[in-house]
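Input: a single structure, listed below in structure tokens.
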Amino acid sequence: ALGPRGVNVCEPLLSSSETLEGIAFRNDGLSAEACYEIKRLFLKLSSPTRLKKLHFWNNMSGDGGGIATAELLSQSPFMEDFQLSTTRCGEEGGNAICASLKNCPMLQKIDLSDNTFNVSGAIELSKSLRSLPRMVVLETLDISLNDVSVDSLKYLPDALAGKNQFKKLIVKGN
């Protein structure tokens, strides 16, 4: 597992790249503490960050990792491709992630699949999408396998209105 010490070992390499625009942490066993270290590292490089792509997939970061990642997203206005899937992120972390998306007007792809954001996460996501009328480049939104109810999905059509590039909404397994 890539814990906080593992992230810290990577710091010299990551810090040497002033133009780093994308990174993926896939199947690394990231803990919440490691996500806080990732946030610290990127905000140390530049604030706001230059990140355009940030992927977390199949990790163990949970709500704490979601909250840390949300703090990083809040400082990433150039984000185009964000994935936080299969991370055991629950309602608290999901709400933080969904609220932070309003700071990312350049998003084209959002993958929040296979977490447990529940109804409140879907409502928070709708609020963020609705508050970003200039987020017209959004193409894909994946909220599958998130314990989102049919009742909370009713907020999405209005939130997605005006997103001229929007092509794909994935909601399976809810």
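Below is a table of values for the structure above.
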| quantity | calculated |
| --- | --- |
| Residue check, VAL137 over 13 Å from LYS102 (Cα atoms), of a type in the set (A, V, I, L, M) and surrounded by 17 or more Cβ atoms within 10 Å (Cβ to Cβ) | no |
| Restricting segment 1-27 to residues that are over 20 Å from PRO77 (Cβ atoms) and polar (S, T, N, Q), the residue that is surrounded by the fewest Cβ atoms within 10 Å (Cβ to Cβ) | SER16 |
| Failed item, numbered, when ALA70 is tested on (1) in a helix (DSSP H, G or I); (2) touching a Leu at 6+ places or on another chain (Cβ under 6 Å) | (2) |
| Filtered residue count, segment 109-131, keeping only those that are surrounded by fewer than 19 Cβ atoms within 10 Å (Cβ to Cβ) and not in a helix (DSSP H, G or I) | 3 |
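Residue-by-condition table, conditions (1) among the hydroxyl-bearing types (Ser, Thr, Tyr); (2) open to solvent by less than 20 Å² (accessible area, probe 1.4 Å); (3) under 21 Å from LEU107 (Cα atoms); (4) in contact with a His (Cβ under 6 Å, 6 or more places away or on another chain):
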| site | (1), (2), (3), (4) |
| --- | --- |
| GLY29 | no, yes, no, no |
| LEU43 | no, no, yes, no |
| LYS52 | no, no, yes, no |
| SER61 | yes, yes, no, no |
| ALA70 | no, yes, yes, no |
| SER74 | yes, no, yes, no |
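The values are calculated or read from the model by the stated rules, or taken from the named source; none is laboratory data. None of these values were measured; they are calculated from a predicted model. When we count neighbours, we look across all protein chains shown, and the Cβ atoms used for this are built from the backbone with ideal geometry, even at glycine. The accessibility values were calculated without ligands, DNA or RNA, using every heavy atom of the protein model including side chains. Shrake-Rupley method; radii C 1.70, N 1.55, O 1.52, S 1.80 Å.
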